[in-house]
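What follows is a set of notes on a single structure, which appears directly below.
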């Protein structure tokens, strides 16, 4: 029982950490939170944050179900493990090259703060492949197979994203004049990019050394 609970905790915190890091990029939800905090205050921004993390639960759980279907195929799983290396490399290089902007498309505004967050979160097409790639990556160390582990993984993804958005809203309220510099690509997007590249290197070393922990 202790080992099982420890595994659940590891799954939860690993998911939350990766979600926290992955949510740092200047995406639609982040921009909506920043804009709301600047113009309307902390509470409206917090409501957008709550709505914005709900799609994380949906997409990460769908990724768990998809991964479960191919988990028994050892050849396919090994292939996907190797493919996760260029996947994280591409994510890292993309984060190093993108131009950050603090502009929110006015056409994408919808009524209601929580629904605004859900709307922007659902519009992120990268969530499902991102979480599937994370599951493939984590499979080299432990397997997420039971429904409780999948729920811990999905809830962790939402918690990590929410913590980031909560801190972001707080920071905007207290440091309004410094937002553009703080969230420039040279401080945030580069950090995310190098983090993903580091994950790719760690995965390469793990596969080459033949160390698989299930």
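Label positions at residue 205 and residue 9, each projected 7 Å from the Cα along the C-beta direction, are separated by 2.6 nm. Model label sites at residue 2 and residue 173, defined 7 Å from Cα along the beta-carbon direction, differ in position by 4.2 nm. Put in order of Cβ neighbour count within 10 Å, fewest first, the listed residues 131, 82 become 82, 131.
Here the label points at residue 79 and residue 147, each 7 Å from Cα along the C-beta direction, are separated by 3.1 nm in the simple model. For 93, 48, the sequence from fewest to most other C-beta atoms within 10 Å is 93, 48. Each part reduced to its alpha carbon centroid, segment 120-140 and segment 7-44 end up 15 Å apart.
Since every read-out is calculated from the coordinates, none of them should be taken as a lab result. Everything quoted here is computed from the prediction, not taken from an experiment. Neighbour counts run over all protein chains shown; Cβ positions are idealised from the backbone, glycine included.
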